[in-house]
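Accompanying notes for the structure given below.
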Amino acid sequence: MAPMADKTELLQLKKEIERHNKLYHEQDNPEISDAEYDALYQRLKELENILGADQDSPTQQVGAPSSRKFEKHNHLKPMLSLSNVFSDDDFYKFEERVLKRLNTDKTTFSVEPKFDGIGISLTYENGKLTKAVTRGDGETGEVVTDNIKTIVKVPHVIEHSSPKTIEIRGEVFFRLDDFSNINSKLEADNLKTFVSPRNAAAGTLRNLDIEIVKQRPLDIFFYGIGGHSDDANYKSYEEFVNFLKKNNFPVCDLISFGNAEHVVGSVAKILSSREDLDYEIDGAVVKVNDFLHQQKLGFVSKAPRWAVAWKFPASEKYSKVTDILFSVGRTGIVTPYATIEPVLISGANISNVTLHNMDELSRLDIKVNDTVLVKRAGDVIPQITKVNADVRDGSETEVNIPNQCPSCGNTLKTEGPFMKCDAGMSCPAQLLGYFEHFVSRKAMNIDGLGYKINESLINLGFVSQVADLFKLRQHESKLKSLEGFGEKSIDNLFTSIEAATNPTLEVFINSLGIPEVGESTAAALARHFKSFDVLRSASFDELMGIDSIGDVVANKILNFFKSDPIGIDALLEVLEVQNFQLGDLDHLDGLKIVITGSFDEYSREELKDLIKERGGIPSSGVSSNTNYVILGENPGSKHKKALDLGIEIITEENIKPFLKI
Ligand code: IVH
């Protein structure tokens, strides 16, 4: 850390901390660890002690937390995750494994919805609620007792048969009406809305401002038991549920108990009632009822062997197409999309759906005013899967396919199923698209350039290529006099532009926005060529020499440098360095890494590529030469071997820091 106190560093830190506060409290999407945050905060205080603190500093806000943190607490018993089943077959296999391990021919299960909310653990001591703790990393969570106490349904005392100590687990969520009211209010106040009820629940539960929490009616269902004293002697989940009900803990009334056939029928019932529920569920949870059986079955990695999440398929809903429009991306491809009457699907409010290309338009035979089926699977972008032609009433109108670019009027070309505007950076939409990419966090990371400001800068003629961004200072006085451009925000903008003039090679390559070249390919190119000039003059064969690059990408790179749509030389002139340094791309150099099991966020192939890009060697068998094992769900014997040999294990939640993504 720089020992000297300098105003630029102070301004940047302030902005950075404000951004992290937002990510953490409003979007529930922190980018840095608490320790990293604390270090930034302490440094800001240090600088302010020397240079003085502005009124608007995050350290000066009323009730400013000395840190953004809630207090931490270790769960008596870890809060686990669940392995998944997706079909009757999967479930019967689960039953078979359970019976085999128990050495029995029957056992009873519980079935209930899997609530799409946020897990919470409530500790009662001598019958009194003493702590409410979030799941956190499963071992340690944050103490949010005051926020939980805003939920009127949460009992503060256990009246009947309270054990000395008990952790009671449940899920905090919003009902759909409440969620839409919250978003309407945020919208009316010109604030960012939540993308889903789950996201809203997370953001509210971990909000440091109790007044905000009080205004939002969180709800809760209880479904589990954590650590407890010996006097809590329920023999089954059913007995525990009865204890919960007797003490007024809200339990979902769709819960039932029975054999495997009963489970299959109940899950089907829950699935069919899904659309009628006024809260979001993303599956059902099936648990072995008998606690002795649960104990015998135990755990594997972080999930119990006695329970599974039965995941439901992506939900689909009908909506109406209000218009079909065309947007121009940074590469000039013109993409049709439908605006629809907003619908909430798998937790997200959908109002725009991409139609991909012209072929898709004719395949669907879609018209404005059509009723369409919209589907969204998890994080996947929403799709229109079907047009319901049976309910057409004559009010439908044909799509107006443009011949000219909707942004610059240039005549469009056809490239296979795509329409393309080849005006390059002289087309405002392409310039804007390119700008958005260039300034984004994973590219040059220039803060303060939102869509609106970018658009104004382009419309005002201050920037016609990205290099102009670095010459904005010459328009300083004009910019500051414009409506919507506060003096302070312009100063901050200059600070972050200046801070961006020294990118690493991989960041610079990624910023160029070469079609098909994302973060990981940019890293592979940087690692391989080590110099921008060498990359820029590389031949097809040299590009093909890189493992993760095939002929399509190689040609895109060659074309990009040949046509240079963005003004690379002008950009190199304004950047401080032309001999870019490599970032920390090879921290896994020579390390042997074994991947076992499956992962939510990555395929094994992706993980292998990421390891290779960082110089690591993906290996198949675990031996004493192995440096790390990356452990997913349902790992094989490699897990045990790694444990036996004492090899360091990386679990899915630690993959990002491990790979430095
Ligand atoms: S039982 C080991 N029951 O799903 C037992 N969990 O993927 C796990 N969840 O962290 C808890 N609804 O936050 C259970 N009816 C339900 C649930 C449920 C939602 C969440 C819970 C857990 C996650 C596991």
**OP:** Only residues that are within 15 Å of TRP306 (Cα to Cα) and either at pLDDT below 95 or open to solvent by 50 Å² or more (accessible area, probe 1.4 Å) (or both): list them for segment 106-118, please.
**Re:** LYS106, THR108
Original post:
Can you pull out the strands (runs of 3 or more DSSP E) entirely within segment 75-133 that have at least 2 residues that are away from the ligand (no atom under 16 Å from the Cβ)?
Top reply: 118-125
Original post:
How many residues are more than 10 Å from the ligand (Cβ to nearest atom), outside any strand (DSSP E or B) and within 23 Å of the chain's Cα centre (by Cα) when one looks only at segment 299-314?
Top reply: 3
**OP:** Tell me, yes or no, whether segment 381-397 has at least one residue that is within 24 Å of the chain's Cα centre (by Cα) and either at pLDDT 90 or above or of a type in the set (Ser, Thr, Tyr) (or both).
**Re:** yes
**OP:** Residue by residue through segment 409-435, note down the ones that are part of a loop (DSSP other than H, G, I, E, B), of a type in the set (A, V, I, L, M, F, W, C) and in contact with a strand residue (DSSP E or B) (Cβ under 8 Å, 6 or more places away or on another chain).
**Re:** LEU412, CYS421, CYS427
Subject >> Lone qualifier among GLY283, GLY332 - being touching a Cys at 6+ places or on another chain (Cβ under 8 Å) and on the phi > 0 side of the Ramachandran plot >> reply: GLY332
**OP:** Kindly provide the set of residues from segment 322-339 that are free of Cβ contacts under 8 Å to residues at least 60 places away in the same chain and either within 16 Å of the ligand (Cβ to nearest atom) or open to solvent by less than 10 Å² (accessible area, probe 1.4 Å) (or both), ordered by number.
**Re:** ALA338
**OP:** Could you run through segment 462-488 and say how many residues are open to solvent by 60 Å² or more (accessible area, probe 1.4 Å) and within 32 Å of the chain's Cα centre (by Cα)?
**Re:** 2
Original post:
In segment 235-268, how many residues are open to solvent by 40 Å² or more (accessible area, probe 1.4 Å) and in contact with a strand residue (DSSP E or B) (Cβ under 9 Å, 6 or more places away or on another chain)?
Top reply: 6
**OP:** Check whether at least one residue in segment 255-266 is assigned to a loop (DSSP other than H, G, I, E, B), touching a Phe, Trp or Tyr at 6+ places or on another chain (Cβ under 6 Å) and closer than 29 Å to PRO155 by Cβ, and report yes or no.
**Re:** no
Original post:
What are the residue pairs meeting all of these: first residue in segment 302-316, first residue closer than 22 Å to GLY136 by Cα, second residue more than 12 Å from the ligand (Cβ to nearest atom) and not in a loop (DSSP other than H, G, I, E, B), Cβ atoms under 6 Å, and 6 or more apart or on different chains?
Top reply: VAL308/VAL85; VAL308/PHE94
**OP:** Considering only residues that are in contact (Cβ under 8 Å) with a residue 24 or more places away in the chain and in contact with a strand residue (DSSP E or B) (Cβ under 9 Å, 6 or more places away or on another chain), look in segment 340-351 and name the one that is most open to solvent (accessible area, probe 1.4 Å).
**Re:** ASN349
**OP:** Could you grab me the full set of residues in segment 288-304 that are at pLDDT 95 or above, touching a strand residue (DSSP E or B) at 6+ places or on another chain (Cβ under 7 Å) and open to solvent by 30 Å² or more (accessible area, probe 1.4 Å)?
**Re:** ASP290, PHE291
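Matching residues to (1) surrounded by 15 or more Cβ atoms within 10 Å (Cβ to Cβ); (2) modelled with pLDDT of 90 or more:
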| site | (1), (2) |
| --- | --- |
| GLN61 | no, no |
| VAL85 | yes, yes |
| PHE91 | yes, yes |
| ARG97 | no, yes |
**OP:** Please find, among ASN492, ASN403, ASN410, the residue that is surrounded by 15 or more Cβ atoms within 10 Å (Cβ to Cβ) and over 33 Å from the mean Cα position of the chain (by Cα).
**Re:** ASN410
**OP:** For residues that are open to solvent by 50 Å² or more (accessible area, probe 1.4 Å) and free of Cβ contacts under 8 Å to residues at least 60 places away in the same chain, scanning just segment 416-440, find the one that is nearest to ILE458 (Cα to Cα).
**Re:** PRO428
Original post:
Hey, which of the helices (runs of 4 or more DSSP H) in segment 512-600, taking only ones fully inside, have at least 2 residues that are more than 27 Å from ASN502 (Cβ to Cβ)?
Top reply: 540-544, 551-563
**OP:** Could you tell me which of the residues GLY448, GLY486 is modelled with pLDDT under 85, closer than 30 Å to ILE661 by Cα and not β-branched (Val, Ile, Thr)?
**Re:** GLY448
**OP:** Filter segment 154-189 for residues that are basic (Lys, Arg) and either assigned to a helix (DSSP H, G or I) or within 16 Å of the ligand (Cβ to nearest atom) (or both) and give the result.
**Re:** ARG169, ARG175, LYS185
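The values are calculated or read from the model by the stated rules, or taken from the named source; none is laboratory data. Given the structure is predicted, the values throughout are model-derived calculations rather than measurements. Methodologically, a virtual Cβ is constructed for each residue, glycine included, from the backbone with ideal geometry; neighbour enumeration extends over all protein chains shown. Side chains included, ligands, DNA and RNA excluded: accessible areas come from the protein's heavy atoms. Shrake-Rupley method; radii C 1.70, N 1.55, O 1.52, S 1.80 Å.
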